[in-house]
1. Hey, if you put +1 on the Cβ of every Lys and Arg and -1 on every Asp and Glu Cβ in region 1-146, which of L127, W47, L18 ends up farthest toward the positive end of that dipole?
2. Between helix 102-112 and the chain, what is the angle of the helix's C-alpha long axis to the longest principal axis, kept within 0 to 90° and rounded to the nearest 10?
3. Of F215, A170, H92, which is farthest on the positive side of the dipole of the chain, counting Cα position, with +1 on Lys and Arg Cβ, -1 on Asp and Glu Cβ, and the Cα centre as origin?
4. With all protein chains present, calculate the accessible area of S23 using a 1.4 Å probe and round the result to the nearest 10 Å².
5. Using only Cα atoms and rounding to the nearest 10 degrees, what angle (0 to 90) does helix 6-34 make with the longest principal axis of the chain?
6. Please compute one quarter of the surface area of the Cα convex hull for region 1-156 and express it in square nanometres.
7. Considering only protein heavy atoms and a probe of 1.4 Å, how much of the accessible area of the chain is carbon and sulfur, as a whole percent?
8. I'd like to check one number: the per residue accessible area of region 1-156, probe 1.4 Å, reported in Å² as a whole number.
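The values are calculated or read from the model by the stated rules, or taken from the named source; none is laboratory data. No experiment lies behind these values; they were computed from the predicted model shown. Heads up, the Cβs are rebuilt from the backbone with ideal geometry, glycines too, and the neighbour counts pull from every protein chain shown. Side chains included, ligands, DNA and RNA excluded: accessible areas come from the protein's heavy atoms. Shrake-Rupley method; radii C 1.70, N 1.55, O 1.52, S 1.80 Å.
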Amino acid sequence: MTRRSPLAAAGLALAVVLLLLWSLFPLYYAVLTSMESGSGIFRIRWWPEAIELGNYRALFATGAFGRSILNSVLVAVLVVTASAALGLTAAHALGRIRFRGRRLILLAVLAVSMFPQVAVLSGMFTLIRGLGLYNSLWGLALAYLLFTLPFTVWVLTTFIRELPVEIEEAAIMDGAGPFTILIRIFLPLMWPAIVTTGLIAFIIAWNEFLFALTFTLTDDMRTVPVAIALLTGGSQHELPWGMIMAASVTVTLPLVALVLVFQRRLVAGLTAGAVKG
């Protein structure tokens, strides 16, 4: 192997530094702004003069924002659980069982994931109202499955096709049924793909705004994005930028932590890794 020249190494290091600055600077400046108040928000500072947590205290003073965070967590957990359970069983059928129309079903699953939210908003609203789930977390979870489940099924189907057929055949010879094979054989091997799809489903449910705004009505059922959008200042002409930035930092840090914790499985799932036979 040829050794990399010092100039190339320096160029690569500079590119990495610029990429990190480009990616992390908005979050860093949001943290700075969240610790400012009054006219200090409009003064450009690159380093905090003092750590002021007044915006964070005001954000959680009424308890409404904490309730919104809890709602987002509950909806995201429901979506991830349902997507993983339904996606795993569907992927097992589409990836292992040969039947007529299987390719057409996969194409339909992929096509559903391409629809924009606005295109299905009126239909989903009619469905949610008809099921009696308007202004409830169950209705939001059902609506979010429209976008998380197709991606989950597609990724898990691709992943399960890469698993050696000999593993399944050996389990069948030992008397294992389809459910036992799915839970005890495939599930441990598919953790990278499940973590990847689950994390993406969690992020989608955590950040979604349009459905959350349309399908909820009261403060006790609103999720974090809607709660941030409805933050108001002391008058109708004032935007509480400090509180908005404090809320943005509060809801962004958990996502960053999740990605850092599951980064290895996330990379493995995105590269469609599996066992090699």
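1. Of the options given, the answer is L127.
2. Approximately 10 degrees, to the nearest 10.
3. Ranked along the dipole, the leading option is A170.
4. 70
5. Orientation of helix 6-34: about 60 degrees from the principal axis.
6. Its Cα hull, projected and averaged over all orientations, spans 18.0 nm².
7. Answer for the chain: carbon and sulfur cover 70 percent of the accessible area.
8. Working: 10070 Å² over 156 residues.
Accessible area per residue: 65 Å².
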